[in-house]
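**Student:** Below you will find the structure I want to go over with you.
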Amino acid sequence: MPRFTCDWIFNILVVLCDGKVVCGCADPEGRRPLGHLRESGLLDIWRSERVKRIRRELNEGFSPFCGPCGLKRALGEGEPAPQRPVEQEVLPRIFFEPTIVCNLDCYQAVCAPGTGLVATRERKSFPLEEFTAMMGEVGPQLGRLDFFNYGEPFLHPSALDMIEHIKEKYPHVYLYTSTNGQLLPAEKTVRLARSGIDEVTFSVDGPDQRTYERYRRGGDFARVLASMAALAAEKRRLGREVPFINWRYILFRWNDSFWQMARTRRLAARTGVDRLTWEITDHPPGAASRKYRAGSRAWKRIFYEIWDSSQIGSALRRRRHVARIRTRVPGLSARSGQRLELAATVKNRGGAPWLTQAFSGRRWVRLGAQLHDRGKKLLDLNFARAPLPRPLAAGESAAVTIELPAVGPAGDYWLKLDMVSEGVDWFENGGSPVLWLPFTVSE
């Protein structure tokens with residue numbers, strides 16, 4: 001019997017536009033429902049015996065419920081199944097589907113109009129009043145809401161009302177959406193920028209109309225380019241770091257040439273987006289890029305520019321999070337229980353601005369120290385943090401002093417120094433070098 005694990009049911013629920021609740025985004029037709037909002041509250045479903053049974057089974061390495069799902073990860077021979085809490089009161093994250101309808105006919109996509117996916121929903125859109133009621137139940141403790149699933153979210157007539165409601169009533173919720181960008185005229189772009197939404201991804205798979213429409217059939221390349229540029233301009237006018245704007249480009253066999261990707265880099269820089277990433281796909285069959293298949297030499301060259309590699313990597317060379325960290329000492333020593341201060345110099349070598357405060361309370365940059373044992377096994381990811389004395393633009397440096405907590409047991413350790421974009425990711429995960437320092441603790 002194959003053994004596997006999965007994170008989804010321990011962290012996320014997916015709410016479809018007809019009120020059905022499923023486990024993951026790999027159940028487009030809603031064939032494996034966990035419950036329905038007309039019968040139960042979302043928290044009741046999250047805490048239900050059915051959900052707890054699936055969690056228990058996954059802790060043992062197998063659940064029949066997960067059989068048809070492509071999100072699970074196979075366990076290696078002898079690999080123990082990760083153990084996660086079965087009883088969970090707080091629902092940390094929701095994928096929310098405003099509507100199942102889409103305005104494009106993407107080539108062989110599961111949600112294209114001709115697939116019949118719309119017919120699998122009891123209704124095509126989620127009512128605004130039901131949405132506000134659902135948020136009233138889960139919003140106070142919710143950590144993140146992904147405002148999309150299948151369909152184009154901005155086809156919902158109340159999409160912006162929903163977004164504004166979240167950020168007005170529950171500003172602590174990290175709010176993310178993904179769009180094809182065809183339905184954001186000027187007035188909607190202004191509202192979206194002012195709403196406080198944290199992150200917006202535009203799906204644009206080409207540097208020109210001819211290439212773009214091979215997959216995004218019915219799409220207008222100039223229109224989506226204008227939408228991205230307008231959103232970036234309004235954000236700059238407001239003086240905010242949000243919404244963080246991604247240009248996500250799926251690599252197919254017809255859009256993966258060096259010249260197409262180079263032109264896309266130039267266009268992305270010109271529009272003012274914060275991040276450009278490539279997405280690797282195996283769908284539709286026969287359309288996937290052969291050059292950039294996972295594990296290939298070409299794939300390795302762009303690894304830190306790939307969407308799923310990290311939350312911080314980018315194909316825009318002047319918008320990368322890259323640091324140089326230096327100290328005056330080759331290592332540290334302390335007595336057991338002794339606190340230390342470490343002086344360092346940090347330099348912004350990537351181009352993305354390093355903020356010291358932010359409208360959203362996220363994406364500000366600090367120097368972080370991670371504690372590892374003598375074999376460089378991680379002991380404490382958040383061992384210490386130090387703020388920057390001021391924001392740093394590309395090429396600027398600053399002196400930083402980081403206070404290190406006392407370490408109890410005597411022995412040999414390692415400190416790993418890296419910059420961190422708070423609430424997003426460590427710079428190392430985007431390809432930035434780190435600094436390792438030996439750390440000896442004596443009795």
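The values are calculated or read from the model by the stated rules, or taken from the named source; none is laboratory data. Keep in mind it's a predicted model, so treat the numbers as computed, not measured. When we count neighbours, we look across all protein chains shown, and the Cβ atoms used for this are built from the backbone with ideal geometry, even at glycine. Note: accessible area is taken over every heavy atom of the protein model, side chains too, but ligands, DNA and RNA are not part of it. Shrake-Rupley method; radii C 1.70, N 1.55, O 1.52, S 1.80 Å.
**Student:** Taking Gly313 and the conditions (1) outside any loop (DSSP other than H, G, I, E, B); (2) in contact with a Gly (Cβ under 6 Å, 6 or more places away or on another chain), which numbered condition does it fall short on, given that it satisfies the others?
**Tutor:** (1) is the only condition that Gly313 fails.
**Student:** Can I ask one more? I want to confirm something. Restricting to segment 240-280 and keeping residues that are in contact with a strand residue (DSSP E or B) (Cβ under 9 Å, 6 or more places away or on another chain) and open to solvent by 40 Å² or more (accessible area, probe 1.4 Å), which single residue is nearest to Trp299 (Cα to Cα)?
**Tutor:** Ile280
**Student:** Inside segment 106-140, can you point out the residues that are among the acidic types (Asp, Glu) and either in a helix (DSSP H, G or I) or without any contact (Cβ under 8 Å) to a residue 12 or more places away in the chain (or both)?
**Tutor:** Hits for segment 106-140 are Glu129, Glu130, Glu137.
**Student:** I would also like to ask the following. Of the conditions (1) open to solvent by 30 Å² or more (accessible area, probe 1.4 Å); (2) over 26 Å from Arg144 (Cα atoms); (3) in a strand (DSSP E or B), Ile402 clears all except one; give me its number.
**Tutor:** That leaves (1) as the condition not met.
**Student:** If you don't mind, there's one more thing I want to ask. One residue is enough: does segment 167-176 have a residue meeting the conditions without any contact (Cβ under 8 Å) to a residue 40 or more places away in the chain, crowded, with 18+ Cβ neighbours inside 10 Å and in contact with an Asp or Glu (Cβ under 6 Å, 6 or more places away or on another chain)?
**Tutor:** Yes - at least one qualifying residue is present in segment 167-176.
**Student:** Lys347 fails exactly one of the following numbered conditions: (1) among the charged types (D, E, K, R); (2) at pLDDT 95 or above; (3) part of a helix (DSSP H, G or I). What is the number of that condition?
**Tutor:** Of (1) among the charged types (D, E, K, R); (2) at pLDDT 95 or above; (3) part of a helix (DSSP H, G or I), only one is false for Lys347: (3).
**Student:** Among the residues that make up segment 275-290, is at least one of them among the aliphatic types (A, V, I, L, M) and assigned to a loop (DSSP other than H, G, I, E, B)?
**Tutor:** Yes: one or more hits.
**Student:** Could you tell me whether segment 261-273 includes any residue that is at pLDDT 95 or above and in a loop (DSSP other than H, G, I, E, B)?
**Tutor:** yes
**Student:** Can I ask one more? Just give me the residues in segment 345-358 being closer than 21 Å to Gln311 by Cβ and open to solvent by 10 Å² or more (accessible area, probe 1.4 Å), in sequence order.
**Tutor:** Correct list: Arg349, Gly351, Pro353, Leu355, Thr356, Gln357, Ala358.
**Student:** Taking the options Gly375, Gly361, name whichever one is loosely packed, with under 15 Cβ neighbours inside 10 Å, free of Cβ contacts under 8 Å to residues at least 24 places away in the same chain and not in a strand (DSSP E or B).
**Tutor:** Gly375
**Student:** Just one of (1) open to solvent by less than 50 Å² (accessible area, probe 1.4 Å); (2) in contact (Cβ under 8 Å) with a residue 60 or more places away in the chain; (3) of a type in the set (D, E, K, R) trips up Lys416, so point out which.
**Tutor:** Exception for Lys416: condition (2).
**Student:** Which ranges mark the helices (runs of 4 or more DSSP H) fully within segment 141-238 that have 1 or more residues being in contact with a Ser or Thr (Cβ under 9 Å, 6 or more places away or on another chain) and either among the β-branched types (Val, Ile, Thr) or at pLDDT 95 or above (or both)?
**Tutor:** Answer list for segment 141-238: 159-169, 186-195, 221-238.
**Student:** I've got another one for you. Given the residues Leu58, Leu71, Leu91, Leu75, which is the only one that is closer than 24 Å to Leu142 by Cβ, open to solvent by less than 60 Å² (accessible area, probe 1.4 Å), modelled with pLDDT under 95 and within 26 Å of the chain's Cα centre (by Cα)?
**Tutor:** Answer to the selection: Leu71.
**Student:** Next question, about the same structure. Among the residues of segment 213-224, how many are buried (at least 22 other Cβ atoms within 10 Å of the Cβ) and either without any contact (Cβ under 8 Å) to a residue 24 or more places away in the chain or over 21 Å from Tyr292 (Cα atoms) (or both)?
**Tutor:** Residues flagged as buried (at least 22 other Cβ atoms within 10 Å of the Cβ) and either without any contact (Cβ under 8 Å) to a residue 24 or more places away in the chain or over 21 Å from Tyr292 (Cα atoms) (or both) within segment 213-224 amount to 2.
**Student:** Just for segment 36-55: of the residues that are part of a helix (DSSP H, G or I) and among the hydrophobic types (A, V, I, L, M, F, W, C), which one is surrounded by the fewest Cβ atoms within 10 Å (Cβ to Cβ)?
**Tutor:** Looking at the filtered set, the residue picked out is Leu43.
**Student:** Please specify each residue of segment 1-35 satisfying the condition of being of a type in the set (A, V, I, L, M), in a loop (DSSP other than H, G, I, E, B) and open to solvent by 10 Å² or more (accessible area, probe 1.4 Å).
**Tutor:** Met1, Ala26, Leu34
**Student:** Output the residues belonging to segment 107-139 that are at pLDDT 95 or above and touching a helix residue (DSSP H, G or I) at 6+ places or on another chain (Cβ under 9 Å).
**Tutor:** Residues satisfying the conditions are Lys124, Ser125, Phe126, Leu128, Phe131, Thr132, Met134, Met135, Gly136, Glu137, Val138, Gly139.
**Student:** Right, another one. Among the residues of segment 334-344, which ones are at pLDDT below 95, in a strand (DSSP E or B), open to solvent by 50 Å² or more (accessible area, probe 1.4 Å) and not basic (Lys, Arg)?
**Tutor:** Those that are at pLDDT below 95, in a strand (DSSP E or B), open to solvent by 50 Å² or more (accessible area, probe 1.4 Å) and not basic (Lys, Arg): none in segment 334-344.
**Student:** Of the residues Ser40, Ser63, which single one is of a type in the set (S, T, N, Q) and in contact with a helix residue (DSSP H, G or I) (Cβ under 8 Å, 6 or more places away or on another chain)?
**Tutor:** Ser63
**Student:** Using the structure shown, decide if Gly181 is buried (at least 20 other Cβ atoms within 10 Å of the Cβ) and either free of Cβ contacts under 8 Å to residues at least 12 places away in the same chain or not charged (D, E, K, R) (or both).
**Tutor:** Considered against the rule, which asks whether it is buried (at least 20 other Cβ atoms within 10 Å of the Cβ) and either free of Cβ contacts under 8 Å to residues at least 12 places away in the same chain or not charged (D, E, K, R) (or both), Gly181 comes out as yes.
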